[in-house]
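**Q** Below you'll find the structure I mean.
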Amino acid sequence: MATRDGALSRAASFFDGGGFKSLLSDLVAIPSTAQEEGREADLDRYLNGAIRPWLERLGFAVQVRPNPRAGFGPILTAARIEDASRPTVLLYGHGDTVRGLEDQWRKGLEPWKLIEEGDRWYGRGTADNKGQHALNIAALEAVIAERGGKLGFNVKIVLEMAEERGSTGLRDFVAAHAEELKADVLIASDGPRVEPGIPTIATGTRGTFHFDLALKLRPGGVHSGHWGGLTRDPAILLAHALTTMMDRNGKVLVRGILPPALSNSVRAVLDGCPVGGGDGAATIDAGWGEPGLSAAEKIYGWNSLIVLAMISGRPENPVNAVAPEARAHMQIRYTVDSDPATFGKAIREHLDANGFQDIAVENAGLRMPASRTDPDHPWVRWAQASMQASLGKKVQIIPNSSGGLPGDVFVDHLHVPLVWVPHSYNGCKQHGPDEHFLIAPAREGILAFAGMWWDLGEPGTP
């Protein structure tokens, strides 16, 4: 007789027997980076050559269609409909990766080859996002096998190939195919857990708002001996402007770009939530950021202001001249509790009030909107209970992950609640050299999804 334990056992056997490692190795070997010219055929090969045959074998009707925006990767959709009266889940993922950065990986590693060392699998896309969506599909396969070819619910899949270019075209695509993609809930995986050993559910993501601060004082550089000490230095002036925007301990002083307050519901769900697993890439500096907030509240419930890049003169080839201009590229990571439409005005007013009227705010705009589902939503709590039953440990809920994902697209056009279940961790080095997937959280991930897929075929869903 088919059982829940049987489904989990099948998933565990596939993982422990090397089946998943072999599968992921094949996926990593496709250099499907969306950030390098000449990889268009690899983007298509990932969908049509690797994912499509797998899904069709599992009974999905699959289509791979061009991106509505020319020059961006194709989008796969798939559907497996058993019973319209049963729940329909939307599964999302992306098969594109960032650049390989082949010359930056440490000796013995390379981006397009899965290499196991200790407790981790190295390779581009292992964590972001090939390993994550592959786990979820592999768990589906285990449940289908256990139930003798049935799931007991319906599944739709969207797999894009332009996430690493801002998910360009995805919003247009989902809007155009909203009826085809309608579902009861989105359950998908991307991003990090709060700590490697703590299963996590995120109910949204922070958005990103970018802008430049630019100060141009003269047409070109002037001799540093003749003019140094007499004429204004744009780098110094820009540095002083930045110190009015954030103090030396990381407190944001432009209060108009922050939420009005941390809501009680966010405080409640983050009470006692740990943050860690950076793997030495960075430190959590206790005195940095908004005073009075915990580390979890700072990155899961609050906004941050970051200088992504700053330049004056030619650092790679400096000359003896006072530079003519200086520029800083800035980013705000924000939650749904604040309105990005007000950010530009707040920044302009702040600079003016502090005597920096000649510093221009340029190229300001939204890159990725924030999204959030209520952490107490029935689908969120159902997923938490299912995962805890499968893993035998607490599952931490956070109101949104610290990074960005296109959840807003699915909320706006499909009106689905969001249940993001990340399988990675903060130290996975995604977007850089030596990207890797921790084996133990990956194993928990396939078990957690096998349990959820099983439970979706049973009574008691929201």
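**Q** Using the Karplus equation 6.51 cos²θ - 1.76 cosθ + 1.60 (θ = phi - 60°), what ³J(HN,Hα) coupling, rounded to whole Hz, does each residue of segment 49-54 give in order, writing x for Gly and Pro?
**A** Working through the residues one at a time gives x, 10, 7, 4, x, 4 Hz.
**Q** Can you compute the charge dipole magnitude of the chain about its Cα centre, using +1 on each Lys and Arg Cβ and -1 on each Asp and Glu Cβ, nothing else charged? Give it in debye, rounded to the nearest 20.
**A** 200 debye
**Q** Rounded to the nearest 10 Å², what accessible area does Arg443 have for a 1.4 Å probe in the complete protein model?
**A** My reading of the accessible area for Arg443 is about 80 Å².
**Q** Hey, another quick one. Please list, in order, the residues from segment 14-30 whose amide nitrogen is less than 19 Å from a point placed 7 Å along the Cα→Cβ vector of Glu56.
**A** Those under the cut-off are 27.
**Q** Over segment 191-274, with the other protein chains present, what is the accessible area per residue in square angstrom, probe 1.4 angstrom?
**A** 45 Å²
**Q** Taking the square root of 5 times each eigenvalue of the Cα gyration tensor, what semi-axes in Å does the equivalent ellipsoid of segment 239-302 have, largest first?
**A** Result for segment 239-302: semi-axes of 22, 18, 8 Å.
**Q** So, one more: Calculate one ³J(HN,Hα) per residue across segment 231-248 by plugging θ = phi - 60° into the Karplus curve 6.51 cos²θ - 1.76 cosθ + 1.60, and present them in order as whole Hz with x for glycine and proline.
**A** For segment 231-248, the Karplus curve yields 10, 5, 9, x, 5, 5, 5, 5, 4, 5, 4, 5, 5, 7, 8, 8, 7, 5 Hz.
**Q** Using the reciprocal of the averaged 1/r over all distinct C-alpha pairs, how large is the Kirkwood radius of the chain in Å?
**A** 23.6 Å
**Q** At 0.36 nm per residue, and after removing the present C-alpha to C-alpha distance, how many nm does the segment from Asn363 to Ala341 gain when stretched out fully?
**A** Details: separation 22, 0.36 × 22 = 7.92 nm, distance 1.37 nm.
Here the answer is 6.5 nm.
**Q** Could you list, in their original order, any pairs among Lys156/Lys429; Lys130/Lys429; Lys394/Lys429; Lys21/Lys182; Lys113/Lys156 whose Cα atoms are separated by more than 21 Å?
**A** Correct reply: Lys156/Lys429; Lys394/Lys429; Lys21/Lys182; Lys113/Lys156.
**Q** Still on this structure, please answer the following. Given a 1.4 Å probe and heavy atoms of the protein chains only, how would you sort His240, His177, His415, largest accessible area at the top? Numbers along the way, then the final one.
**A** On the way: His240 105, His177 45, His415 145 Å².
The residues order as His415, His240, His177, largest area first.
**Q** Also: At 1.567 mPa s and 4 °C, plugging the Kirkwood radius over alpha-carbon pairs of segment 1-70 into Stokes-Einstein gives what diffusion coefficient in µm²/s?
**A** Details: Rh = 14.6 Å.
Reported coefficient: 89 µm²/s.
**Q** With the Cα gyration tensor of segment 359-433 giving a ≥ b ≥ c as the square roots of its eigenvalues, does the rule (a/c under 1.5 for rounded; else a/b larger than b/c for prolate; else oblate) give rounded, prolate or oblate?
**A** Oblate is the answer for segment 359-433, as a/c is 1.5 or above yet b/c matches or exceeds a/b.
**Q** Could you give the distance between the Cα centres of segment 200-233 and segment 37-67, to the whole Å?
**A** Their Cα centres are 42 Å away from one another.
**Q** Could you give the length gained on full extension between Glu82 and Ile236, defined as 0.36 nm per residue of separation minus the Cα-Cα distance, in nm?
**A** Net length gain for the segment: 48.9 nm.
**Q** So what is the calculated 222 nm ellipticity per residue for the chain, using -39500 (n - 2.57) for each DSSP H run with n of 4 or more, over all residues, to the nearest 500 deg cm²/dmol?
**A** -9000 deg cm²/dmol
**Q** Need one number: % antiparallel among DSSP beta bridges in the chain, to the nearest 5. Each step should come with its number before you reach the end.
**A** Details: 48 of 66 bridges.
Here the antiparallel bridges make up roughly 75 percent for the chain.
**Q** Taking amide H positions as placed 1.01 Å from N in the peptide plane, with prolines and chain starts having none, which residues 5 or more places from Met368, or on another chain, fall under 5 Å of its amide H?
**A** Amide H to amide H, under 5 Å and 5 or more residues apart or across chains, Met368 pairs with Thr208.
**Q** Continuing with the same structure: For the chain, find the longest principal axis of its Cα atoms and tell me its angle to the long axis of helix 439-456, 0 to 90°, nearest 10.
**A** Between helix and principal axis, roughly 60 degrees.
The values are calculated or read from the model by the stated rules, or taken from the named source; none is laboratory data. Predicted model only: the values in this text are computed from it and were never measured. Using ideal geometry, Cβ is built from the backbone for each residue, glycine included, and neighbour counts are taken over all protein chains shown. These area figures cover heavy atoms from the full protein model, side chains too; ligands, DNA and RNA do not enter into them. Shrake-Rupley method; radii C 1.70, N 1.55, O 1.52, S 1.80 Å.
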